[in-house]
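Structure first, then comments.
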Amino acid sequence: MAKKITVGTLISGGGTNLQAIIDACRDNRIDANIVFTGSDTPGVKGLERAQKANIDTFVVDYAHIIEDCKKNGIKDTDLPKDFNLKEIQSKQKLVVSDASKEQVEFFLKSRAIAEKKLLDIILDYDMDLLVLAGFMRVLTPYFIDRINIEPGKHKIMNIHPALLPSFPGTDGYGDTFRYGCKIGGCTVHFVDYGEDTGPIIGQKAFEIEDKDTLDDIKKKGLEKEWELYPHCIQKFADRV
Ligand code: GRF
């Protein structure tokens, strides 16, 4: 059997994708071991799933951090020592162009404060791949550059609930449904400086019938996601 890769995971919610990956690792269907599960939200079901599988867990409470930044403002001393606003601004492709300069700065600075807390924990692990399994936060270049340290080698994967490049953003299945698509799907891709724009690793599609509700689409989609994510992790494992 091939050498197993070490996988870190980040979640925000129920963690059914995480569960599919845990099961695939446990049953030796993929050459991977999960070394941690981190969440941006305390108390979510996905953390319980990880603990049940004896995986280390941690929380970086984004909502709390952002609230604190709004209430107290952001001083230079709050920022990570290696944070360079100009550099991050020039790289990032996340923020819409009609946002004000202040809004963009607040966004990048508050996220970097949260991301530094993630990095302080994550970088202590020996990790080949970071898998975003329903992690509902965008990652800025500050974070990405500290994970992707080998030039040209992507190490962060995300699953998106639509057939990219259609319907990027937070509500892929909703957007697919409202557009009236007859085919829906999900995409696993590497994370780059944009929102859902990185190189595609794998996709799965399903048919949408006229009678299907949004809930039907979500159900069909999630079932495809649970097959697709382990498959894409194995694709990565086969290359290292
Ligand atoms: C999935 O639909 C995923 O594509 C999206 O968020 C959902 C997470 O579901 N990014 P779960 O937490 O894995 O159950």
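Every number in this text was worked out from the coordinates using simple rules, so none of it is lab data. Treat the numbers as computed from the prediction; the structure is a model and nothing was measured. Counting neighbours? That spans all protein chains shown, and the Cβs are built from the backbone with ideal geometry, glycine included.
Annotations
- Gaussian network model of the chain, Cα within-10 Å springs - most flexible of 224, 116, 71: 71
- Selection of trypsin sites (Lys or Arg not before Pro), segment 122-174, meeting DSSP coil and at most 15 other Cβ within 10 Å: 153
- Centroid-to-centroid separation of segment 146-187 and segment 1-57 [C-alpha atoms, Å]: 20 Å
- Put in line by how crowded their Cβ is, counting other Cβ atoms within 10 Å and starting with the fewest, 22, 11, 149 read 149, 22, 11.
- Global geometry of the chain, whether rounded, prolate or oblate, following the gyration tensor of its Cα atoms and the 1.5 cut on a/c: oblate
- Positive dipole terminus of segment 103-170, leading residue within 129, 141, 168 (C-beta point charges): 168
- The chain, dipole about Cα centre (Lys/Arg Cβ +1, Asp/Glu Cβ -1), debye to the nearest 20: 220 debye
- Rounded if a/c under 1.5, otherwise prolate or oblate - segment 165-240, Cα gyration tensor axes: oblate
- Cross-link pairs exceeding 24 Å in C-alpha to C-alpha distance, out of 45/218; 4/220; 86/117; 3/45; 182/224, comprise 4/220; 3/45.
- Normalised contact order of the chain, rounded percent, pairs of Cα under 8 Å and 6 or more residues apart: 21 percent
- Look at 138, 60, 240 and count the other Cβ atoms within 10 Å of each Cβ; fewest to most, that gives 240, 138, 60.
- Annotation for segment 161-240: chymotrypsin sites (Phe, Trp or Tyr not before Pro) lying in DSSP loop with at most 15 further Cβ atoms inside 10 Å of their Cβ do not exist.
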